Amino acid sequence: MKIVLCIKQVPDTADIKWTENNTIQREGLESIMNPFDTYGLEAAIRIKNNKDNVEIISVTMGPPQAETVIRASLALGADRGFVISDRKFAGADTIATSTTLSGAIKNKIENPDLIICGQFAIDGDTAQTPAMIAQKLGYAQVTYVREIIDISETNVKVKREVEDGIEIVEAELPCVLSMIKPDYKLSRPLINGFKYAQQAEVPYYSMEDIELSAENVGIKGSPTYVSKAFRPEQKQGGEKLKPETIKDTVKIIMENINV
Ligand code: FAD
């Protein structure tokens with residue numbers, strides 16, 4: 001079974017600044033593996049720990065320094081990984097990013113069974129990339145996955161979060177999952193993992209290597225235009241009231257709302 005893990009290297013968001021074009025100023029920022037992708041990696045490792053013949057392949061699109069997140073995934077349990085990197089990918093929106101990622105998966109990984117993504121990237125935060133990958137590859141997708149309960153050669157059963165609780169959903173493979181924070185603890189890398197990650201070969205693929213054309217990637221393939229970027233207004237702390245009856249609660253609400 002082949003599990004593809006899409007990992008994005010993101011800036012440590014505490015430091016975010018904006019460019020004149022309302023995109024994130026990435027230069028000079030500390031970078032980390034997108035936290036939601038660490039949940040995806042853990043889910044993949046758990047499958048590998050319980051099944052024979054599972055291969056985890058991590059993929060990132062980004063500048064050369066994104067290799068760091070591929071090596072980090074190898075230290076934790078991925079078997080191999082590669083970086084999709086080309087100056088022509090610069091300025092990619094979610095459409096161009098998903099075209100590039102799905103193109104690389106199609107071109108470099110034969111018959112993947114499962115593609116695991118994070119639900120969101122903490123910088124772009126659109127949650128669009130996994131759905132677009134699924135659509136471009138013609139695979140099913142399940143969002144807000146908290147846990148993979150079971151996986152066979154043909155199906156995957158997951159626990160997903162919905163507004164008013166938990167749903168158990170089964171999908172046919174191949175399928176794309178978007179992961180949120182699980183209830184279990186994440187693994188730590190072992191010393192052997194660090195050694196493996198250090199020595200492993202991490203190939204780089206360019207636009208030509210994955211057989212895409214310049215019109216569909218990077219800024220040319222990105223119809224998104226960011227007109228404005230702003231921080232939402234911080235809400236005030238509010239006041240905690242503890243009315244004893246429903247009648248008192250209604251009275252307080254009626255006294256405090258402006259109608
Ligand atoms: P989401 O859709 O929220 O991510 C969900 C999941 O998808 C992630 O957890 C991960 O599993 C997967 N994923 C997302 N992106 C990647 C990736 N790159 N590699 C592997 N897996 C991934 N960003 C730049 O870095 N450089 C730029 O020059 C740049 N220019 C931009 C120009 C415009 C006009 C716009 C709108 C955005 C630009 N961005 C740029 C941001 C970039 O396009 C988005 O970050 C990217 O498309 C992914 O969207 P997201 O961050 O919302 O990810």
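The values are calculated or read from the model by the stated rules, or taken from the named source; none is laboratory data. Here the structure is a predicted model, which is why all the values come from computation and not from measurement. Every residue, glycine as well, gets a Cβ built from its backbone with ideal geometry; the counts of neighbours run over all protein chains shown. Areas reflect the complete protein model, heavy atoms only, side chains present, ligands, DNA and RNA absent. Shrake-Rupley method; radii C 1.70, N 1.55, O 1.52, S 1.80 Å.
Restricting to the stretch 168-199, what's the tally of residues that are farther than 20 Å from ILE105 by Cβ and in a strand (DSSP E or B)?
Start the filter on the stretch 168-199 by keeping residues that are farther than 20 Å from ILE105 by Cβ, which leaves 168-170, 180-199.
Now restrict to residues that are in a strand (DSSP E or B): 168-170.
Qualifying residue count, the stretch 168-199: 3.
Can you go through SER73, SER102, SER85 and tell me which one is within 26 Å of SER213 (Cβ to Cβ), within 17 Å of the chain's Cα centre (by Cα) and among the polar types (S, T, N, Q)?
SER102
Name, by its number, the condition in (1) out of contact with any Phe, Trp or Tyr (no Cβ under 7 Å at 6 or more places or on another chain); (2) within 12 Å of the ligand (Cβ to nearest atom) that does not hold for ILE168.
All conditions pass for ILE168, except number (2).
Could you tell me which residue of the stretch 200-218 is farthest from PRO64 (Cα to Cα), considering only residues that are within 21 Å of the chain's Cα centre (by Cα) and not in a loop (DSSP other than H, G, I, E, B)?
The selected residue is GLY218.
Does the stretch 132-145 hold any residues that are small (Gly, Ala, Ser) and in contact with a helix residue (DSSP H, G or I) (Cβ under 8 Å, 6 or more places away or on another chain), and which are they?
Within the stretch 132-145, ALA140 is the sole residue that qualifies.
Among the residues of the stretch 64-102, count how many are part of a helix (DSSP H, G or I) and of a type in the set (D, E, K, R). Before you say what the answer is, go through the steps one by one.
Going residue by residue through the stretch 64-102, those that are part of a helix (DSSP H, G or I) are 64-76, 87-89, 94-102.
This time we only want the ones that are of a type in the set (D, E, K, R), so: 67, 71, 87-88.
Going through the stretch 64-102 one residue at a time, the tally reaches 4.
Please find, among ALA96, ALA127, ALA140, the residue that is at positive phi, at pLDDT 95 or above and open to solvent by less than 60 Å² (accessible area, probe 1.4 Å).
Of the residues listed, the single one that is at positive phi, at pLDDT 95 or above and open to solvent by less than 60 Å² (accessible area, probe 1.4 Å) is ALA127.
Tell me which residues, restricted to the stretch 43-66, are of a type outside the set (S, T, N, Q) and within 13 Å of the ligand (Cβ to nearest atom).
Hits for the stretch 43-66 are ALA43, ALA44, ILE57, VAL59, MET61, GLY62, PRO63, PRO64, ALA66.
Checking the conditions here, which among ILE105, ILE148, ILE122, ILE115 is in a strand (DSSP E or B), within 12 Å of the ligand (Cβ to nearest atom), in contact with a strand residue (DSSP E or B) (Cβ under 7 Å, 6 or more places away or on another chain) and of a type in the set (Val, Ile, Thr)?
Values: ILE105 fails: in a strand (DSSP E or B); ILE148 fails: within 12 Å of the ligand (Cβ to nearest atom); ILE122 fails: in a strand (DSSP E or B).
Exactly one residue qualifies, and that residue is ILE115.
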